[in-house]
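Each reported figure results from applying straightforward, stated rules to the coordinates on display, with no laboratory input. Owing to the predicted nature of the structure, the values given are computational and were not obtained by experimental measurement. All Cβ positions, even for glycine, are placed from backbone atoms using ideal geometry, and neighbour counts span all protein chains on display.
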Number of protein chains: 2
Amino acid sequence: MTPRKPAETQSATLAEIARAAGVSAPTVSKVLNGRADVAPATRARVEELLRVHGYRRRRAEASRSPLIDLVFHELESAWALEVIRGVEAVAGDAGLSVVLSESAGRLTPGRTWADQVAARRPHGVVLVLSGLDESQRALLASRSIPFVVMDPAGDPGPDVPSIGATNWQGGLAATRHLVELGHTRIGAISGPSRMMCSRARMDGYRAALETAGLPVDPSLVAAGDFHHDAGYRLGLELLRRPDRPTAVFAGNDLQALGLYEAARELGLRVPEDVSVVGFDDLPVARWVGPPLTTVRQPLAEMAAAAARLVLELGQARQERTATRVELATSLVVRSSTAGPAVAGS
Amino acid sequence: MTPRKPAETQSATLAEIARAAGVSAPTVSKVLNGRADVAPATRARVEELLRVHGYRRRRAEASRSPLIDLVFHELESAWALEVIRGVEAVAGDAGLSVVLSESAGRLTPGRTWADQVAARRPHGVVLVLSGLDESQRALLASRSIPFVVMDPAGDPGPDVPSIGATNWQGGLAATRHLVELGHTRIGAISGPSRMMCSRARMDGYRAALETAGLPVDPSLVAAGDFHHDAGYRLGLELLRRPDRPTAVFAGNDLQALGLYEAARELGLRVPEDVSVVGFDDLPVARWVGPPLTTVRQPLAEMAAAAARLVLELGQARQERTATRVELATSLVVRSSTAGPAVAGS
């Protein structure tokens, strides 16, 4: 069997779209420019034709606003600030401003987020831990607005450019560090299982135990959500066990700080009674007592790389093949890890 | 002497501006809309006439972009994130997106930040710890783009609407708490003296000492800059003195965390050897060990109030009198403060 090649279709012109929709070319133009003075039904018909015909606006550069859109799944914690700083630095150098949105249910009545983006015509869109559905992608593509996903939560698909970090290697390095200190009962608190970065870290954790010939005890792995409270609550559960772990890979820095609080509440010392490793290396990791051993994820650099990539995609004369870049993580050893106390002492 | 009233001048029309500039009305319109296809000299002449005549655009609502501009003096620390969240919440409810900029030297070559704002026509501008010079104000006024300053660094002037917090009362409450615990040698680390909020906190500190009949020892007051490093460095200096203070008002939370680090390095315990009070109540204040006693400043609420005020100003049919709102601060007592150790023990 010979696989059939997709027909080499020439993208439709604006005039052809107008004819098919039974409207004037200026009306199609209005829809493309996000103008409000088009009847909703007409607008929907034109949008659908633009999508079906894979219409791509030419010479979009000329009509772009000096903006980059930055969209967060959740605007929370110092994590988000590092990302904002990275995008802001690249945008500032390029003479662009950053439009910030939170994707969680923040839609204008009657107009979706993607409509707003299409109307304001930014140079590109950086999505953090979120994705786009098919119609949103088509809408942005029809306006030649490129997008890049930073640290994709799910699997973004092979045709979506994305920037991430080597989460698996990070989880491996964190856990290996604890193994090398002599720990054999090593617990973990994961992030949400729907997030790929969390799955990768946990797989790295398991790989480190397995390659060291240590058993993986599922009861020592708690399912968190990357927030401080989960670290505290699940930390209490783990540390109250009679056979409590002597070390915990906390999944991220916020959960590590929650675990600190749980240890304090139970009268356990870090690292004498329990070693703790985080993930991210937020500024606060250096400031807490004891300073946190963690896996550094270069968040600002990742965000800057995502912003640079999206600007490149906008300038490219031709379609680029999809890009997936993972920046390296590195273990930063501080004072929250030490060898386990001698049993029975 | 009868003071002369300023003449009741009618604001010039667009046609009058055009005549005075020797250009067509559409050209003035292009300048107002931030279009690039106007010769720089013409543009400058028209801008100057708009400014001199105090031109204010009518019916600006219709042509506004669904944006709020948020401008930071410095995009740093969890402090900024709280502010972003506050503005984002109000903007989201109003169907607007937030454009983020850092004022520190981030200007597009050839076009200033104010030009960009005038061109994108947001519903309003919230400035955080920064101000506008006269020409920037005139530029925004000519486009009927209102602005509000949150936590003004300098004195914003009587005609500038602003939102702040009761910094003086906060400094007073922080220091009074230490006095009531029995401390008599109470040090302080200030923020930058050019920031009004820092001056107000320090004045509150002095007022608390004076009203308690305690001497104000200038050598116990160190000049910081609100960053972690200053707290660490100046904390080392204060705590190394033979007559070291038994308690320190750290000016803000980041400096308090720096002071924690200095104390750890010197082998001093918080609060047994030195009590510490911060200011801000960032999320991290609850998470550090020991949890930090601090003055809560409702940052997200202040930012939300600033965003709401700027939207109200945009909707107002007539000029509003300037507004200065200060939201209340409150002392949050956690575990970093205790009575001084008994002398000689």
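Sorted from closest to farthest, the other copies place their A:Ser29 label points 1.5 nm away, with each point set 7 Å from Cα along Cα→Cβ. Taking chain A as a Gaussian network, where each spring joins two C-alpha atoms under 10 Å apart, which residue of A:Glu261, A:Glu74, A:Glu16 fluctuates the most? Looking only at A:Glu261, A:Glu74, A:Glu16, the largest GNM fluctuation is found for A:Glu16. Compactness ratio for the protein assembly as shown: Cα radius of gyration over 2.2 N^0.38 Å (N = residue count) comes to 1.09. Remark: spin-label model distance B:Asn33-B:Ala94 equals 2.4 nm, labels positioned 7 Å along the Cα→Cβ axis. With a point put 7 Å past each Cα toward its Cβ, work out how far A:Arg264 is from B:Leu266 in nm, to one decimal. Between A:Arg264 and B:Leu266, the label points sit 2.1 nm apart.
For the stretch B:167-297, the extents of the C-alpha atoms along the principal axes are 33, 31, 25 Å, listed from largest to smallest. Label points for B:Gly157 are taken 7 Å from Cα along Cα→Cβ. From this copy to the others they lie 5.2 nm apart, shortest first.
With everything on Cα atoms, drop me the angle between helix B:299-315 and the longest principal axis of chain B, reported from 0 to 90° to the nearest 10. The angle comes out at about 20 degrees. Distances, shortest first, from the label point of B:Pro215 to those at the same position in the other copies read 6.9 nm; the point lies 7 Å along Cα to C-beta.
Per residue of the protein assembly as shown, the DSSP helices (runs of n ≥ 4 H) give a summed -39500 (n - 2.57) that works out to -12500 deg cm²/dmol at 222 nm.
What the Cβ-Cβ distance of B:Val52 and A:Ser24 gives, at R0 = 35 Å and to the nearest 0.05, is a FRET efficiency of 0.20.
The three principal axes of the Cα atoms in chain B give end-to-end lengths of 85, 51, 34 Å, sorted in falling order.
In the Gaussian network model of chain A, springs joining C-alpha atoms below 10 Å, which of A:Gly278, A:Gly289, A:Gly131 carries the largest mean-square fluctuation? Fluctuation is largest for A:Gly289.
So how far apart, in nm, are the two label points at A:Leu327 and B:Glu210 if each is 7 Å from Cα heading toward Cβ? Rounded to a tenth, the inter-label distance reads 5.0 nm.
When N is the residue count of the stretch A:234-309, what does its C-alpha Rg come to as a fraction of 2.2 N^0.38 Å?
So the Cα radius of gyration is 1.27 times the expected 2.2 N^0.38 Å.
Helix A:196-211 sits at what angle to the longest principal axis of chain A, using alpha carbons and giving 0 to 90 degrees rounded to 10? Taking the Cα atoms of chain A, the angle to A:196-211 is about 40 degrees.
Please state the relative contact order of chain B as a whole percent: Cα pairs under 8 Å, 6+ residues apart? Relative contact order, chain B: 17 percent. Assuming R0 = 41 Å, can you tell me the calculated FRET efficiency for the pair B:Arg194 and A:Ser193, based on Cβ-Cβ distance, to the nearest 0.05? Efficiency, rounded to the nearest 0.05: 0.25. What is the helix-to-structure angle for A:40-52, meaning the angle in degrees between its Cα long axis and the longest Cα principal axis of chain A, kept from 0 to 90 and rounded to the nearest 10? Approximately 80 degrees, to the nearest 10.
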